[in-house]
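Peer 1: Structure below; questions to follow.
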Amino acid sequence: MRAPGGLPPITTPPVEIGLILPEVIVLATALVVLVADLWVGPRRRGWLVGLSLAGLAWAAWAALSASPGVGFSGMYVRDALTCAGDLLALGATALGLLVAPGYLKRHGLDRGEYYFLVMIAGTGAMLMAASRDLLMLFLSIETLSIPLYVLAAFRRGFARSQEAGMKYFLLSTFASAFLLYGIALLYGTTGTTRMPELGARLAELPWSASGSAGAALVTIGVGFKAALVPFHAWAPDVYDGAPIPSVAFMAVIAKVGAFLALVRIFPLTLGSTAGEWTLALGVVASMTMVVGNLAALLQSSYKRMLAYSSIAHAGYLLVGVATGTAQATSAVLTYLAVYVAMGTGAFAVAVAVEREGDEADRIEDYAGLAARAPLLAAATALFMVSLAGLPPTGGFVAKFGVFAAAVEGGGPGGLALALLGVLTSVISVYYYLRVVYVIYSVGEGDPPQGVRILPCRMLGVALAVAIAAVIQVGVLPATVTSFSGRVVELFR
Amino acid sequence: MLSALIFLPLAGAACVLLLPREREEAIRWVGLASSGLTLLLGAALFAAFDPSFGGMQFTESAAWLPALGVGYSVGIDGISLLLVLLTVVIFPIALVGSWGSITQGVKAFTAAVLALECAVLGTFLSLDLILFYVFWEAVLIPMAFLIALWGGPNRRYAAIKFFLYTMAASVLMLVAIVSVHIVAAAQLGERTFALERLADVSLPPASQWWIFAAFAVAFAVKVPVWPLHTWLPDAHTEAPTAGSVVLAAILLKMGTYGFVRFAPVLTPDALVAAAPLIAGLAIVGIVYGAAVSWAQTDLKRLIAFSSVSHLGFVMLGIASLNLQGMQGGLIQMVSHGISTGALFLVVGVLYDRTHSRQISDYGGVAALMPRFAVVFTIVLLSSAALPGTNGFVGEFLVLLGAFRVSAWWGALGVLGVVGSAAYLLWAYQQVMHGPPRAKHPERLVDLSRRELLVFAPLVAAIFLIGLYPRPLLDRSEAAVGVTLARLQRPSVAAACTPPQAGLGLTALPKRCQP
């Protein structure tokens, strides 16, 4: 059938709104919050957080009840990984929302845009998990990243925050260019950007430099967001300058998005050519574990220490991706779930502590915290123990899952990665427990000058949820592992 | 019943945390009550235990991490029974013993000690390798806290060294556990970490070696086997009295227990092959520990190095791989727990009064503190293994077992007995006799009623085990027999058939005798 005038008809692809319902709900909530902010008085901003949380809860319910399928001409897929990614991103977003209000109020930044930006970034992470096409992946990475640049620079009157936002923006766009160029090379090699076809063609075609270079550039682009060594240099600087609630959120959401994308790309798309990338990813994982942990040893700033610690955790996560088996992939999801709780929690603690009207970023600012705020101190200790991967916390279950999968499915290389992982974990114990020691040490020198503790009810809720999650996974891991185990069905 | 035993102290810790910080008396009594209840439960278990059965009793199991085959499974046999008994006895004593010395942070201290008791009991009762590892590592956190927050002047260094040293050694064990699991999954066709199921797996010899090595290093650091003992003097010396008592009396036994519990089941061939090496290191430890103890000027360091020597006997007993040696090793574990725990309490009594651990700061204390002198003498003689005390039973059986393997092992071990008598009596003489050297002799008041109550059960145990060890030996015999029988599997028996040269007491191949 030809239209009058001889042009072929333009068929718009069907809009399968049911598939993307969770994302739509979050997006709509974000827009409602942005608009409602204009009418809500400054004393009622708490309602905005409540409204946002309600939206996120609805989105989570939608994610759990949505039926799987592929849509939008094959750009979007809803499967077990999408569902897990949705829940992870929604959890991280909810915690990110709860962490912020007290801090924003103190610094005169309490505007609805913050919550809007957090939820848009969350949507980006959800879409990254669902991307079935490299271009879609690029778009979702940008959806995730652009709000994060703004969040990093959210303290407008504060030069370091501006610097952090600018630095993050410039370096990140550079990484996005790598990603795009990699996509172009892969398209040139295989003639498609759809992941399943791409994987199949790469497996059929003989080895080509453009194909490998394309895959490498895509990895670099995503690896930058995940702060993998050697693409990590931005993370400590950005985390150092950005406001703490933004850091608490971006450290976690960027990892969730990036690792869901890496899982989608490597084990699921390129599974048949595993021999070509396991070694490369293994090397990157080793470097990330070693550099992250060693550099964290040397930090005197709490934020920078946690920045390097988040790099180290990216290394452990990448061990799971590099192993690439179903067991390893489900371990990565469990790890992400635990990291959402303990990573946000560790940064969130710093939101409640202030030195001379500014962020308390030195480790010694926390000296004697146990005597002044026992619950906050206990929470910090728990997060540190969990980040160090010690039982009986979720951190242990997470690391154990990843390393066990590496030993089982990774051959000699997997064994080597697991050994390196457990040994660098021992190193990490030193810098995590140093914080705990400082918090609980009594009567050593003067208490830090001008340090105040500013409790906030919503922050308390966020910490309580994070604590509950860390202990829950540590004591009864089956609740989470059985859920992330569903991803196994993707490998059949 | 076992789960109640494990988690009762943890429930106590939770109660302690709910009490307000200011009510120190209430916190102390709640702490004592929960560890006292644990003691009663432990005593009931000891009474209900069936000595004739060598397998696991009172087992409980549930799925914990089913995707990986990790289960929550606990059970007790004659070997763990003795250590559980030791644990439940020592903890209330350590708590009461610290009532006088811990005045800051009573709440956190009590909670940490109780959490430690939970983790230790879990370690001794776990029958699942991952559960064991979880409890094993969980022990480190409260212990490092006890050292780092209530310890001596150099506490931070000691705590970090203790933590990193022991953790670095044990993470490799985790990798080894996973490797065993993978071989087992292939052979049994099911995912499991349960020790009972893994007993049916025969590991290929090559991987047995490195798996045994990974386990052995983790355990040897904890024991500590010479030359992996360097964390111990610092940790023992800097820890508060209760920490030193628990560390010496119980935590070191986790290492020796690990050797007895896991090596014969998982890596029997490697254990048999490595036994001479273990025995050699044990003998070096016995002699070295005794020699270095003699050179110490700090009382706590002296006792710390004496632990290296005494734990050498336990390892020698285990390495002889016969009934006498292993049972001797077990009894020696218990008696070292009692004697060394008591010795650290003795030093704690002196330290509370003068705040000095230096031997040269004391002298003529016996005249000022006569009741203390009696207690110190008894404890000292038990540590020096005088017949009639608990120390003698263990060391005698160990040496008996060692002589049956090789006269050299036994002869060199005897050196340690002589050495320990020498340095202990020397220390006693320096501290208790001679001219008084204390700067404030008026502070050296005799034992209070509370302190006497702390020592009374230990002194009673010293004589009870020394004069009538049967209840302990009876209950452990069957389990030790079962453990040794595992070494009799065909491949092991073949390695043992050529009769060993040496000055044996019988014509049978010695190391293979049950």
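Peer 1: Considering the dipole of chain B built from charges on the beta carbon (Lys and Arg +1, Asp and Glu -1) around the Cα centre, which of B:VAL225, B:ALA239, B:SER356 is farthest to its positive end?
Peer 2: Checking the options against the dipole of chain B, the answer is B:SER356.
Peer 1: Take the alpha-carbon positions of the stretch A:40-173, form their convex hull, and give its projected area averaged over all directions (one quarter of the hull surface) in nm².
Peer 2: On the way: hull surface 34.9 nm².
In nm², the orientation-averaged hull projection of the stretch A:40-173 is 8.7.
Peer 1: Which of rounded, prolate or oblate describes chain B when judged by the alpha-carbon gyration tensor and an a/c cut-off of 1.5?
Peer 2: On the way: a/c = 1.84, a/b = 1.30, b/c = 1.42.
It is oblate, given that a/c is not under 1.5 and a/b is not larger than b/c.
Peer 1: Using +1 at the Cβ of each Lys and Arg and -1 at the Cβ of each Asp and Glu in the stretch B:1-113, identify which of B:SER101, B:LEU10, B:TRP29 lies farthest towards the dipole's positive end.
Peer 2: The one lying farthest along the dipole's positive direction is B:SER101.
Peer 1: Select from the stretch A:117-207 those GluC sites (Glu not before Pro) which occupy a DSSP coil region and have at most 15 other Cβ atoms within 10 Å, ordered by residue number. Display every interim value, and only then the final one.
Peer 2: Details: sites: A:GLU142, A:GLU163, A:GLU197, A:GLU204; in loops: none.
In loop regions of the stretch A:117-207 (DSSP not H, G, I, E or B), there are no sparsely surrounded GluC sites (Glu not before Pro).
Peer 1: Moving on. Please give the net charge around B:ALA159, taking every other residue with its beta carbon less than 13 angstrom from that of B:ALA159, where Lys and Arg add +1 and Asp and Glu add -1.
Peer 2: Values: positive: A:ARG434, B:ARG155, B:ARG156, B:LYS161; negative: B:ASP234, B:GLU238.
Neighbourhood net charge equals +2.
Peer 1: Quick one: which residues, 5+ away or cross-chain, put their amide H under 5 Å from the amide H of A:ASP133? H built at 1.01 Å from N.
Peer 2: For A:ASP133, the qualifying residues are A:MET195.
Peer 1: For B:GLN57, enumerate residues with amide H under 5 Å from its amide H, sequence gap 5+ or separate chain, H modeled in the peptide plane.
Peer 2: B:ILE76, B:ASP77
Peer 1: Here is a follow-up. Find the all-direction average of the projected area of the Cα convex hull for the stretch B:199-302, expressing the result in square nanometres with one decimal place.
Peer 2: Details: hull surface 27.6 nm².
For the stretch B:199-302, averaging the hull's shadow over all directions gives 6.9 nm².
Peer 1: Under a straight-distance cross-link criterion of Cα-Cα below 25 Å, which lysines are reachable from B:LYS107, leaving out those fewer than 8 residues away in the same chain?
Peer 2: In chain and number order, there are no partners.
Peer 1: Just grab the label-to-label distance for B:LEU415 and A:VAL475, each label 7 Å out from Cα along the Cβ direction, in nm (one decimal).
Peer 2: 5.2
Peer 1: Oh, and also: Could you work out the helix-only [θ] at 222 nm for chain B, with each DSSP H run of four or more residues adding -39,500 (n - 2.57) and the total divided by the number of residues, to the nearest 500 deg cm²/dmol?
Peer 2: Details: 22 runs with 371 residues, N = 514.
The helix-only estimate for chain B comes to -24000 deg cm²/dmol at 222 nm.
Peer 1: If you don't mind, there's one more thing I want to ask. What is the local net charge at B:SER35, summed over the other residues whose Cβ is closer than 12 Å to its Cβ (Lys, Arg +1; Asp, Glu -1)? Before the final figure, lay out the partial values.
Peer 2: On the way: positive: B:ARG28; negative: B:GLU117.
Residues near B:SER35 contribute 0 overall.
Peer 1: Let me ask another. Please get the size of the charge dipole for the stretch A:89-215, origin at its Cα centre, with Cβ charges of +1 on Lys and Arg and -1 on Asp and Glu, quoted in debye to the nearest 20. Can you show the working numbers first?
Peer 2: Working: 10 positive and 7 negative charges, 103 e Å.
Rounded to the nearest 20 debye, it is 500 debye.
Peer 1: Mind listing the phi-derived Karplus ³J(HN,Hα) values for the stretch B:384-394, rounded to whole Hz, using 6.51, -1.76 and 1.60 with θ = phi - 60°, and x for any glycine or proline?
Peer 2: For the stretch B:384-394, the Karplus-derived couplings read 7, 6, 6, x, x, 9, 4, x, 5, 4, x Hz, x marking Gly and Pro.
Peer 1: Quote the convex hull volume per residue of the stretch B:317-378, based on C-alpha atoms, as a whole number of Å³. Before the final figure, lay out each step's value.
Peer 2: Values: hull volume 6.4 nm³, N = 62.
Taking only Cα atoms, the stretch B:317-378 has a hull volume of 103 Å³ per residue.
Peer 1: Kirkwood-based Rg over Rh for chain A (C-alpha set), two decimals? Kindly include the intermediate steps, with their values, before the conclusion.
Peer 2: Values: Rg = 22.1 Å, Rh = 22.6 Å.
Reported Rg/Rh, Kirkwood definition of Rh: 0.97.
Peer 1: Further question: Using Cα centres only, tell me the gap between the stretch A:234-290 and the stretch B:307-352 in whole Å.
Peer 2: The stretch A:234-290 and the stretch B:307-352 have Cα centres spaced 50 Å from each other.
Peer 1: Looking at A:LEU390, A:TYR366, A:PRO448, which one has the Cα that reaches farthest to the positive end of the dipole of the stretch A:343-492 (charges on Cβ: Lys, Arg +1; Asp, Glu -1)?
Peer 2: After comparing all options, I get A:LEU390.
Peer 1: Once fully extended, how much extra length lies between A:LEU7 and A:SER301, figured as 0.36 nm per residue of separation less the alpha-carbon to alpha-carbon distance? Don't skip to the end; give the middle numbers.
Peer 2: Values: separation 294, 0.36 × 294 = 105.84 nm, distance 6.39 nm.
Gain in length upon complete extension: 99.5 nm.
Peer 1: Follow-up. Would you mind counting up the charge near B:LEU195? Only other residues with Cβ under 12 Å from its Cβ, with Lys and Arg at +1 and Asp and Glu at -1.
Peer 2: -1
Peer 1: Would you kindly derive the ³J(HN,Hα) couplings of the stretch B:44-58 from the backbone phi angles with the Karplus curve 6.51 cos²θ - 1.76 cosθ + 1.60 (θ = phi - 60°), listing them in order in whole Hz, with x for Gly and Pro?
Peer 2: 4, 5, 4, 6, 7, 5, 8, x, 7, 9, x, x, 7, 10, 6
Peer 1: For the stretch A:288-380, I need the span (max minus min coordinate) of the C-alpha atoms along each principal axis, in Å, sorted largest to smallest.
Peer 2: Projected onto its principal axes, the Cα set of the stretch A:288-380 covers 49, 26, 19 Å.
Peer 1: Rule-of-thumb check for the protein assembly as shown: C-alpha Rg over 2.2 N^0.38 Å? Could the numbers behind the result be given before it?
Peer 2: Working: Rg = 31.1 Å, N = 1006, 2.2 N^0.38 = 30.4 Å.
This ratio for the protein assembly as shown stands at 1.02.
Peer 1: How big is the dipole moment of the protein assembly as shown about its Cα centre under a simple scheme where the beta carbon of each Lys and Arg is +1, that of each Asp and Glu is -1, and everything else is neutral? Debye, nearest 20, please. Please list the in-between numbers first.
Peer 2: Numbers: 58 positive and 50 negative charges, 164 e Å.
The calculated dipole for the protein assembly as shown is roughly 780 debye.
Peer 1: Under 23 Å from the Cα of B:LYS253, which lysines turn up, not counting those fewer than eight places away in the same chain?
Peer 2: Reachable lysines: B:LYS161, B:LYS222, B:LYS300.
Peer 1: Pop out the ³J(HN,Hα) list for the stretch A:238-249 in order, Karplus 6.51 cos²θ - 1.76 cosθ + 1.60 with θ = phi - 60°, rounded to Hz; leave Gly and Pro as x.
Peer 2: Once rounded to whole Hz, the list reads 5, 5, 5, x, 6, x, 4, x, 4, 5, 4, 7.
Peer 1: Shifting gears a bit: Take the Cβ-Cβ distance between B:ALA485 and A:ALA280 as r, set R0 to 41 Å, and report the resulting FRET efficiency rounded to the nearest 0.05.
Peer 2: 0.25
Peer 1: Next question. Determine which lysines satisfy two conditions relative to A:LYS167: a Cα distance under 24 Å, and not lying fewer than 8 residues away in the same chain.
Peer 2: Cα-Cα hits under 24 Å: A:LYS225, A:LYS255, A:LYS303.
Peer 1: Please report the orientation-averaged projected area of the stretch B:1-98, defined via the convex hull of its C-alpha atoms, in nm².
Peer 2: Working: hull surface 30.9 nm².
Approximately 7.7 nm², given one-decimal rounding.
Every number here is computed from the coordinates shown, using simple stated rules; none is lab data. Quick caveat: nothing in here was measured; it's all calculated off a predicted structure. Every residue, glycine among them, receives a Cβ derived from its backbone with ideal geometry; neighbour counts consider all protein chains shown.
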